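The values are calculated or read from the model by the stated rules, or taken from the named source; none is laboratory data. What you are looking at is a predicted structure, and each value in this text was computed from that prediction instead of being measured. Neighbour counts run over all protein chains shown; Cβ positions are idealised from the backbone, glycine included. What goes into the accessible areas is simple: the full protein's heavy atoms, side chains included, and nothing from ligands, DNA or RNA. Shrake-Rupley method; radii C 1.70, N 1.55, O 1.52, S 1.80 Å.
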Amino acid sequence: MPDKSFTGVERRRTTRLSVRIIDRVARVLITVGGIGTILAVLMIMVFLIWVVVPLFTGGEIGEGATIPRSNAEAPLRMGVDEYRIMGFLLLRNGQIRVYRLDTGETIETLTPFADTPPSSAAMARSSPEVAFGFPDGSMVPGRMEFSSRFLDKAHVPAEFHDMKPGEPRRFESGMVQKTPEGQYRIQTFALTLEEDRTARVEPPSPIVRMDLTIKPTGPVYALLTEDSRILIREATEKRNLLTGRTRVTWSGDEIALNPPGDRPLPDRVLLSDGGRFVYLVWRDGFLARLGRVEGELQIVETVDLLRDDDAEITALSFITGKSTFLVGDSRGRVRAWFPVRPERSGTLDGTVLTNAHELLTEDGSVSPVTAFGPSSRARLVSVGYADGSVRLFHVTSGKLVAARPTALAQPVQTIVITPKEDGIVAVSRREIATFAVLAEHPDVSIVSLFGKVWYEGYPEPENVWQSTGGTDAFEPKLGLVPLIFGTVKATLYSMLFGLPIALLAAIFASEFLDPRAKSMVKPTIEIMASLPSVVLGFLAALVIAPFVEDIVPHCLTAFFTIPISLMLGAYVWQLLPRPFAIRMGRFRIFFMFLCFPIGLRAAAMLGPVIESALFAGDIRMWLDGQRGSAFGGFAFLLFPMVGVAMLILTTRGLDFKLIPMTSHLDRVPLAVFDLCRFLVTLLLTLILTALLAFILTRAGLDTRGAVFGTYSQRNALVVGFVMGFAIIPIIFTIAEDALSAVPDHLRSASLGAGATPWQTAIRIVVPTAMSGLFSAVMIGLGRAVGETMIVLMAAGNTPIMDWSIFSGFRTLSANLAVELPEAVRDSTHYRTLFLAALTLFAMTFVVNSVAEVVRARFRRKAVQL
Amino acid sequence: MGTPAMTVKAVPREITMQAPVARCADQGSISRLASIAAGEPFETDTHDAIGTEDAVLEVRDFKLWYGEKQALFDIAMNIPRGRVTALIGPSGCGKSTLLRSVNRMNDLIDSVRIDGQMLLSGESVYGPEVDVIELRKRMGMVFQKSNPFPMSIFENVVYPLRIDGIRDRSVLEEVCERSLRGSALWEEVKDRLKDSALGLSGGQQQRLCIARAIAAEPEVLLMDEPCSALDPMATGRIEDLIHELRGAYTVLMVTHNMQQASRTSDYTAFMYLGRLIEYGATEDIFLNPHLRETADYITGRFG
């Protein structure tokens, strides 16, 4: 019947609605998924940037609140409480005026030494200790501090009940603030003199200058008397655990000052951290450093702090930690000095004062520096100038954090930073001005993060990552370069180990291995990839690292004996009679495996021999540079390079001269000839290596300090080896897939033309699969860059910059894993860690982008296949 | 895995045996085809003309199995030197298998087993002492689908010399030009030898593959349906080329195209179900076949 269809089924000519709906839904889902993925990655980046950006926003000194001041005299000291509501001024006559910061109203005036004003005074920066020196040669220590306590609700006057939180009110001899929780906190100032600890200068002479510093055992005082003596008084406090009473014993030193060139008494006396040095400073810039040499206090160094004659020192102060001091001069320059211990110092105690930083004004103004107000927490310092301007510097980074050019009308007499670093109080003859300060991350700049920074006590600027330290005065050193270096080093050494193995294994599996064997080998290696890296790291740290430590020379030797034994095995295989070789061809892989134990055995035997011959019998001591010559290191490094060069030379050049000579030979003699040629090449390589190593050693070069260095148990060798295990499966799998995807008709064409399988693999298959191989390498690289657990556990986490294969390192990722859980939220450290994460992100992003571009180029070439 | 050369993996080609479809009225023919299908022995009808030629390749009682399945039965034929010999027959008759046996490409398939002998210029092809790589260097092969390497035209042509380690630029250039002239491609590509071979058209690519094959100076040039993937224009050019190669090279060619066989070859062998049915001068096979089956196939009555 003509109207009946051929198959008997009437086909609908319209697409069913459900099919259309599913199609639409699938399209939407896929689009949402794709865009969502891109968005998620972008969001992560945006979040990282959002956390990092505040690091680079500068500081600000806000509008000042000025109160008039009656006493025009420059105060000896000034202090502000931590809530910025009250302050005190210590005047020259020994009077202490405590006042409200907002109104200037005097809360109380203390006159502890009404009859005998002190001739000098000293105050510690980060603790309440204070000391006064008197004309009669006595010195009274004491404590001067703000203290706060909460008022009992019953004692709170009724009119305080309607106080707004934060609003300060005077109450008795202090100031009351209502906290957001509704409590009343009273802030008072107290001076306690410890008269029972009074020390006296014998014979009596007025104490004209003094300084004090706090050691864990007790305070140390440096006193300068009018008759030119320097006295060090060290109080050692011992607490009796039974009675609870503290017993103080005094010890000390004394020298008669005999400054060079008939100088008058020094203008300032500074006692550095722990009483290590006494600095005597004259206004013209001359400094004499007193230190102990063999227990004897003496002048160990003299320095001209200014280096030009017409300027003079107008301000001088330690910053926190009392190691670095700032010198401000009449030309508006601020210089930071600290003692360093270089290799060659030229001083008696091996220490040299170094001018590490110069803090420059933003506009080049040259108004004399008049006051320093260092922070008690960080290396932040407020600087007052004669023109009434106020600036905020960070000493280590040398960064001008903020500036206020016309803060005061008169020259700044005294300046302080509030304890929380949220304000500056500056005093001139007529006024006391309080400025709010915003300086969240003053120590951070692009230069400090990615460049060399001259940290306190370092002989030169360096890249350092050291985020936490033992003492309060410790300065976090947040240089990312050592971490980036560690990441690059980990990647380099693991790729150096893993890449050749993975790629050669992929070529072997795809081109030479029996398909049945491959179907077992490949999944096995892929299972390796799923091995958790924490397990690998655990193995590396607790098994491999201690094991390798004992057999370093054997391990090094194995790197050469295994490849050589494999090559030797190949030559010996050629010696076998042809029918036998052809028949046994399928078992060749087992013969290849035989070469491994042979190579290992050879390494075990040769290791000690090589250690005694090249590394002076003890490789660890050789690596320390304690013994032996550089010859061994060069021999080891050059051997593979010379070997490869010889190989290229013989195959490219020499062989073609030899081929006509040998072409008439039979199989076995030819194999013997080949074997001999290999052995001769090996021998020549050894000789050439020795020769080159000898020449380089004679030239005075050494590999120690570069590729080799002091052995640490957790090192790049172990990490490279174990991380190789993490990246080999990934690279292998992807590379093998890429190679197997090369169309068989290309292999047939090549083999049909008479090429060997190896020629086919290298000339045809590998170039065709290049884009896939490149992806494999890049994915391996990305894994190595981001790998965390293995490096965390096996790399020792020492953020040092050293290419040595035997030293540890710290990578960006391991650093994040270690430090981020402990970082205080929104602190500089926290944000810097996020910057480290962003850097890691950028590194992998760049690697992947480059990979994609290169891959696309390769693909275009192969796309027509 | 056998000899070193056999360690390359390859996907086994599936061989499908077609059931004989004879629409011929001649009863004898049907019964003979049926007896072949039943596996009874069959005597090849080899024309006397073959015996007058100098054989470059002698195939003697050659049998081949793919696993348990026998694909070639007692093939005996001599390939005359300097002539074009065409293998014709329906799909699955073993033409390509026979061709690929000559340069031992079948070694790449694990399940292949052979029996019998082949002699190339008097030397055994399947002897235990034979190095497959060296054997293949003596032959050139052109495949059904053009398979230029993803590199420049020049490098494609001189590939056989490259793998022999020849680096002398002047030698390479001379061979390249001669081979390309030999495959009638020179005029078209002489200005873009450095360009990728993948940019050529299908016909040009196949001629490039022929140039690559003759650059190796082969004793036998094996062609496995060289024109099956080409349009009539390109096919015409390749056919002309094969015609021109006569004398200089021995060509053994598999083709499905009867006209092509008659146009280009000197000798034609007709195969059916793994047997060589009739083998003789092309003119005789096409005009005066001895066997009824051959006549039926050539006239398109079956196959």
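Taken over segment A:167-207, the criterion of being surrounded by 18 or more Cβ atoms within 10 Å (Cβ to Cβ), of a type in the set (Gly, Ala, Ser) and under 22 Å from A:Glu108 (Cα atoms) is satisfied by A:Gly174 alone.
All conditions in (1) within 14 Å of chain B (Cβ to nearest Cβ); (2) in contact with a strand residue (DSSP E or B) (Cβ under 9 Å, 6 or more places away or on another chain) hold for A:Lys522, with the sole exception of (2). The condition (being away from chain A (no Cβ under 14 Å), surrounded by fewer than 17 Cβ atoms within 10 Å (Cβ to Cβ) and among the hydrophobic types (A, V, I, L, M, F, W, C)) is satisfied by just one residue among B:Ala86, B:Ala71, B:Ala76: B:Ala76. Please verify whether B:Ser152 is surrounded by fewer than 20 Cβ atoms within 10 Å (Cβ to Cβ), free of Cβ contacts under 8 Å to residues at least 60 places away in the same chain and more than 25 Å from B:Gly82 (Cα to Cα), treating the condition exactly as stated. Against the criterion (surrounded by fewer than 20 Cβ atoms within 10 Å (Cβ to Cβ), free of Cβ contacts under 8 Å to residues at least 60 places away in the same chain and more than 25 Å from B:Gly82 (Cα to Cα)), B:Ser152 qualifies. When residues in segment A:319-336 are screened for being part of a strand (DSSP E or B) and either open to solvent by 10 Å² or more (accessible area, probe 1.4 Å) or touching a His at 6+ places or on another chain (Cβ under 8 Å) (or both), 2 of them pass. Restricted to segment B:230-253, and to residues there that are aliphatic (A, V, I, L, M) and part of a helix (DSSP H, G or I), the residue that is surrounded by the most Cβ atoms within 10 Å (Cβ to Cβ) is B:Ile242. Considered as a group, the residues in segment B:120-130 that are more than 8 Å from every other protein chain (Cβ to nearest Cβ) and open to solvent by 20 Å² or more (accessible area, probe 1.4 Å) include one that is farthest from the chain's Cα centre (by Cα), and that residue is B:Val130.
Got at least one residue in segment A:771-780 being at the interface with another protein chain (Cβ under 7 Å from one of its Cβ atoms), polar (S, T, N, Q), touching a helix residue (DSSP H, G or I) at 6+ places or on another chain (Cβ under 7 Å) and open to solvent by less than 30 Å² (accessible area, probe 1.4 Å)?
Step one: list which residues in segment A:771-780 are at the interface with another protein chain (Cβ under 7 Å from one of its Cβ atoms), which gives none.
Checked against the condition, which is being at the interface with another protein chain (Cβ under 7 Å from one of its Cβ atoms), polar (S, T, N, Q), touching a helix residue (DSSP H, G or I) at 6+ places or on another chain (Cβ under 7 Å) and open to solvent by less than 30 Å² (accessible area, probe 1.4 Å), segment A:771-780 yields no hits at all.
Taking helices (runs of 4 or more DSSP H) as the structural unit, those lying wholly within segment A:437-529 and holding at least 2 residues that are farther than 24 Å from A:Arg377 by Cβ and touching a helix residue (DSSP H, G or I) at 6+ places or on another chain (Cβ under 7 Å) correspond to A:481-507, A:515-529.
Apart from one condition, B:Leu200 fits all of (1) hydrophobic (A, V, I, L, M, F, W, C); (2) open to solvent by 30 Å² or more (accessible area, probe 1.4 Å); (3) within 11 Å of another protein chain (Cβ to nearest Cβ); the exception is (2).
One line per residue, one yes/no per condition, for (1) touching a residue at least 60 places away in the same chain (Cβ under 8 Å); (2) part of a loop (DSSP other than H, G, I, E, B); (3) β-branched (Val, Ile, Thr):
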site: A:Phe6; (1), (2), (3): no, yes, no
site: A:Glu10; (1), (2), (3): no, yes, no
site: A:Arg13; (1), (2), (3): no, yes, no
site: A:Ile21; (1), (2), (3): no, no, yes
site: A:Arg24; (1), (2), (3): no, no, no
site: A:Leu39; (1), (2), (3): no, no, no
site: A:Glu63; (1), (2), (3): yes, no, no
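Taking A:Ile527, is it of a type outside the set (Lys, Arg), more than 14 Å from chain B (Cβ to nearest Cβ), open to solvent by 80 Å² or more (accessible area, probe 1.4 Å) and at negative phi? So A:Ile527 fits the description; yes. Looking across A:Thr697, A:Thr681, one residue alone is of a type in the set (S, T, N, Q), within 30 Å of A:Trp803 (Cα to Cα) and away from chain B (no Cβ under 14 Å). It is A:Thr697.
Do the conditions hold for A:Pro141, that is, is it in contact (Cβ under 8 Å) with a residue 40 or more places away in the chain and in a strand (DSSP E or B)? Quick ask: steps written out before the conclusion?
Working: in contact (Cβ under 8 Å) with a residue 40 or more places away in the chain: yes; in a strand (DSSP E or B): yes.
Here the answer is yes, as A:Pro141 does meet what is asked.
Taking segment A:639-741 and the helices (runs of 4 or more DSSP H) fully enclosed by it, the elements with 3 or more residues that are farther than 22 Å from A:Glu787 by Cβ, at pLDDT 85 or above and not acidic (Asp, Glu) are at A:667-698, A:716-740. Among residues of segment A:397-414 that are touching a residue at least 60 places away in the same chain (Cβ under 8 Å), those with a beta-carbon under 7 Å from a residue that is among the aromatic types (Phe, Trp, Tyr) at least six positions away or on a different chain give the pairs A:Val401/A:Phe393; A:Arg404/A:Phe435; A:Ala407/A:Phe435. Restricting segment A:789-823 to residues that are at pLDDT 90 or above and among the polar types (S, T, N, Q) leaves a set whose member that is surrounded by the fewest Cβ atoms within 10 Å (Cβ to Cβ) is A:Ser813.
Identify the residue in segment A:824-865 that is among the β-branched types (Val, Ile, Thr), open to solvent by 50 Å² or more (accessible area, probe 1.4 Å) and more than 14 Å from every other protein chain (Cβ to nearest Cβ) and, among all such residues, is farthest from the chain's Cα centre (by Cα). Looking at the filtered set, the residue picked out is A:Val853. Only one of the listed residues (B:Arg237, B:Arg167, B:Arg192) is farther than 30 Å from B:Pro90 by Cβ and more than 12 Å from every other protein chain (Cβ to nearest Cβ). That residue is B:Arg192. Evaluated against (1) aliphatic (A, V, I, L, M); (2) in contact with a helix residue (DSSP H, G or I) (Cβ under 7 Å, 6 or more places away or on another chain); (3) farther than 12 Å from A:Ala490 by Cα, A:Val853 falls short on exactly one condition, (2). Looking at A:Ser205 and the list (1) touching a helix residue (DSSP H, G or I) at 6+ places or on another chain (Cβ under 7 Å); (2) in a loop (DSSP other than H, G, I, E, B); (3) among the hydroxyl-bearing types (Ser, Thr, Tyr), which single condition is not satisfied? Unmet for A:Ser205, out of (1) touching a helix residue (DSSP H, G or I) at 6+ places or on another chain (Cβ under 7 Å); (2) in a loop (DSSP other than H, G, I, E, B); (3) among the hydroxyl-bearing types (Ser, Thr, Tyr): (1).
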